[in-house]
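Structure, as structure tokens:
The values are calculated or read from the model by the stated rules, or taken from the named source; none is laboratory data. Fair warning: this is a prediction, and the values are worked out from it, not measured in the lab. All Cβ positions, even for glycine, are placed from backbone atoms using ideal geometry, and neighbour counts span all protein chains on display. Protein only, heavy atoms only, side chains kept; ligands, DNA and RNA dropped before computing areas. Shrake-Rupley method; radii C 1.70, N 1.55, O 1.52, S 1.80 Å.
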Amino acid sequence: MNMNLDYKELMEAAKKASYNSYSPYSGYAVGSAVLAEDNKIYLGANIENASYGLTNCAERSALFNAVSNGDKKIKALALWTPKSDVFPCGACCQVILELALNADIIINSQNSVLKIFKIQDLLPHFFTKDSLK
Ligand code: THU
């Protein structure tokens, strides 16, 4: 299996997901694609609201889509943003910790190359269910 090729395909799916973005306030269309253990791909886009704080980021949309469909083991999450690369926001990092702790996080945007991270790279100190023990 060619990992990089797979992730390119996953990123293509994330880019396509961004076309479904509902972002009339920011005009910033984000897409995400989650790869589950059974190799199914689940898409998500950012969905905004007139009450801004209710906005759901693309990453959380994609993860909730996977889990809602019964896929709880996540291998990778691709994040596509317009313009330049960004990292998942704090809320999304917390949800990634909960639902996709070991997943590869692949980031890309226009005129950029794929970059691969782990959630521990993005959020080195964190609060998870283990913290409750
Ligand atoms: N957004 C995402 O969907 N994911 C990110 O990683 C960064 C931010 C969305 C939220 C909002 O709809 C818009 O981008 C601007 O913040």
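For segment 1-118, which whole percent of the accessible surface, found with a 1.4 angstrom probe, sits on carbon and sulfur atoms?
The value for segment 1-118 is 55 percent carbon and sulfur by accessible area.
Which value at 222 nm does the chain reach when only helices count, each DSSP H run of 4 or more adding -39,500 (n - 2.57), with the total divided by all residues and rounded to the nearest 500 deg cm²/dmol?
-9000 deg cm²/dmol
Count neighbours as other Cβ atoms within 10 Å of each site's Cβ, and list the chymotrypsin sites (Phe, Trp or Tyr not before Pro) in segment 8-83 that are DSSP loop with at most 11 such neighbours.
Values: sites: Tyr19, Tyr22, Tyr25, Tyr28, Tyr42, Tyr52, Phe64, Trp80; in loops: Tyr19, Tyr25, Tyr28.
Answer in residue order: Tyr19, Tyr25.
Given a cut-off of 24 Å, name the pairs among Lys83/Lys118; Lys15/Lys129; Lys8/Lys83; Lys40/Lys129; Lys8/Lys72 whose C-alpha atoms lie farther apart than that in the structure shown.
Lys15/Lys129; Lys40/Lys129
Give me the net charge for the shell around Lys115: Cβ to Cβ below 12 angstrom, other residues only, Lys and Arg +1, Asp and Glu -1.
Surrounding charge for Lys115 is -2.
According to the square roots a ≥ b ≥ c of the eigenvalues of the Cα gyration tensor, what is the shape class of the chain, taking rounded for a/c under 1.5, prolate for a/b larger than b/c otherwise, and oblate for the remainder? It would help to have the intermediate numbers written out before the result.
Values: a/c = 1.41, a/b = 1.09, b/c = 1.30.
Since a/c stays below 1.5, the shape of the chain is classed as rounded.
Return one whole number: the accessible area per residue of the chain in Å², for a 1.4 Å probe.
With the other protein chains kept in place, the chain gives 57 Å² per residue.
Over the Cα atoms, compute the radius of gyration (one decimal) and Dmax (the largest Cα-Cα distance, rounded to a whole number) for segment 72-120, in Å.
Over segment 72-120's Cα set, Rg and Dmax evaluate to 10.8, 32 Å.
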